[in-house]
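I have placed the structure first, in the form of structure tokens, so that the comments after it can refer back to it.
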Amino acid sequence: TLHDAWLLAGHCAHSFNCEKWKTGCGSCPDITIPVALERDNSAFNWKRKRRVFEQSTLYVAAPSQWLLNKAKQSILASGTRGFHHIIHGVDTSVFRPADKARCRSQLKLPQDTFVVLFAANGIRKNRWKDFPTLIAAVRKISTDVSNKNILFVALGQDGQQEDYGSAEIRFISYIANRNEVATYYAAANVYVHAARAETFPNAILEAMAAGIPVVASAVGGIPE
């Protein structure tokens, strides 16, 4: 089961705009992309993976058609007998619409504020997310909608509160409890997901299951 593109390339979990995973890697444009390399042995890794796949009998599943299409164009295809598109499921007994006022009261969020939620593990330094775009959006909204209080809740990151005019960013540490995370979804007016690379993010599915609209970057499997 594919959750990223690591099996397809010489080292990276997502290649962004690089297409060398199709032809052999080598002269890697960025060896710091996770999983990072100490030196560029991406061509060797790519050939080693291809050799393993050629001797294998594989059945490959991916949660997005985008990733499945990449797999079909990759070295993984040589040993694959079947490709299957299996979308992630969401537990709708947990992630579901709930009374917004009650949820905000439970989380100590203001009742008279427009709440925007973004959830990710380590938002600021997460290589796959796009925190600079989120900050730019906050600054723009604080200027364009100066007559309304806006609260951005960044769930999954420690940090001090940041204020931008009528907009505020509140950082909330990572939460493992699914029920509490679901309460944040239900308390929000909209969920935003700024990303540079994504396969098929659970957070977006969970937000939709909670009944709130989603604004997200059109990358990877997100448009699906």
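The values are calculated or read from the model by the stated rules, or taken from the named source; none is laboratory data. Given the structure is predicted, the values throughout are model-derived calculations rather than measurements. Glycine gets a Cβ as well: all are built from the backbone with ideal geometry, and neighbour counts include every protein chain shown. The accessibility values were calculated without ligands, DNA or RNA, using every heavy atom of the protein model including side chains. Shrake-Rupley method; radii C 1.70, N 1.55, O 1.52, S 1.80 Å.
Residues in the stretch 45-76 that are more than 29 Å from residue 125 (Cα to Cα) and open to solvent by 70 Å² or more (accessible area, probe 1.4 Å): 47, 48, 50, 51, 52, 54, 55, 57, 59, 72, 73.
Applying a threshold of 8 Å to beta carbon distances and a minimum spacing of six or more residues, or different chains, the list of pairs starting in the stretch 26-44 at a residue that is in contact (Cβ under 8 Å) with a residue 24 or more places away in the chain and ending at one that is aliphatic (A, V, I, L, M) and in a loop (DSSP other than H, G, I, E, B) reads 33/13; 34/13; 35/13; 37/31; 42/9; 42/31.
Residue by residue, here is whether (1) charged (D, E, K, R); (2) farther than 30 Å from residue 175 by Cα holds:
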site: 34; (1), (2): no, no
site: 47; (1), (2): yes, yes
site: 55; (1), (2): no, yes
site: 88; (1), (2): no, no
site: 103; (1), (2): no, no
site: 122; (1), (2): no, no
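For the stretch 123-148, give me the residue count where each residue is open to solvent by 50 Å² or more (accessible area, probe 1.4 Å) and either closer than 22 Å to residue 180 by Cα or charged (D, E, K, R) (or both). Final tally of qualifying residues: 7. The sole residue among 180, 206 that is touching a strand residue (DSSP E or B) at 6+ places or on another chain (Cβ under 9 Å) and either farther than 22 Å from residue 67 by Cα or open to solvent by 20 Å² or more (accessible area, probe 1.4 Å) (or both) is 206.
How many residues are more than 19 Å from residue 200 (Cα to Cα) and loosely packed, with under 15 Cβ neighbours inside 10 Å if we restrict to the stretch 95-122? Result for the stretch 95-122: 9. Can you name the helices (runs of 4 or more DSSP H) wholly within the stretch 107-224 that have at least 3 residues being under 30 Å from residue 2 (Cα atoms) and of a type in the set (Ser, Thr, Tyr)? By residue number, 178-187.
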